[in-house]
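The values are calculated or read from the model by the stated rules, or taken from the named source; none is laboratory data. What you see is a predicted model; the values in this text were computed from it and never measured. When we count neighbours, we look across all protein chains shown, and the Cβ atoms used for this are built from the backbone with ideal geometry, even at glycine. Heads up: the accessible areas ignore ligands, DNA and RNA and are worked out on the full protein's heavy atoms, side chains in. Shrake-Rupley method; radii C 1.70, N 1.55, O 1.52, S 1.80 Å.
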Amino acid sequence: LAGSKGSLSCFALHGCASLHLLRLRILCDAPSSSSSPALSTMPPIQAGGNGVHVTLSDVHVTGCASASRGGGARILPLARLALRNSSFLRCSSAQAGGAISLV
């Protein structure tokens with residue numbers, strides 16, 4: 001996924017119980033852009049709610065910046081996150097959380 005303005009989301013409120021991503025590259029900034037990516041309103045990966053489980057395997061997120069918490073991923077209360085062989089490079093947040101925010 002490159003240049004997408006949306007977010008991959010899983011919320012219990014909407015009936016989602018799990019989000020499993022495998023071998024995915026998310027590029028939020030163009031290769032020719034400055035070293036400081038533009039702020040998005042939301043991170044590319046979001047999840048929350050009782051029992052929601054997110055698994056990222058071989059997922060690489062690059063150059064994402066969010067005005068909210070978590071530049072690359074925001075995991076809200078009661079959700080769980082598992083990372084396997086994944087990376088968040090040059091991701092930042094205007095609020096707490098940096099690359100990943102576990103609220």
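Structure summary
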| item | result |
| --- | --- |
| Within the accessible area of the range 61-103 (1.4 Å probe), percent carbon and sulfur | 54 percent |
| Gain upon complete extension [LEU21, ALA67; 0.36 nm per residue less C-alpha separation] | 14.2 nm |
| For HIS53, residues with placed amide H under 5 Å, excluding near neighbours | SER18, LEU19, ARG80 |
| Against the rule of thumb 2.2 N^0.38 Å, how large the Cα Rg of the range 55-103 comes out | 1.06 |
| LEU78 paired with ALA94, simple spin-label distance in nm, labels 7 Å along Cα-to-beta-carbon | 2.9 nm |
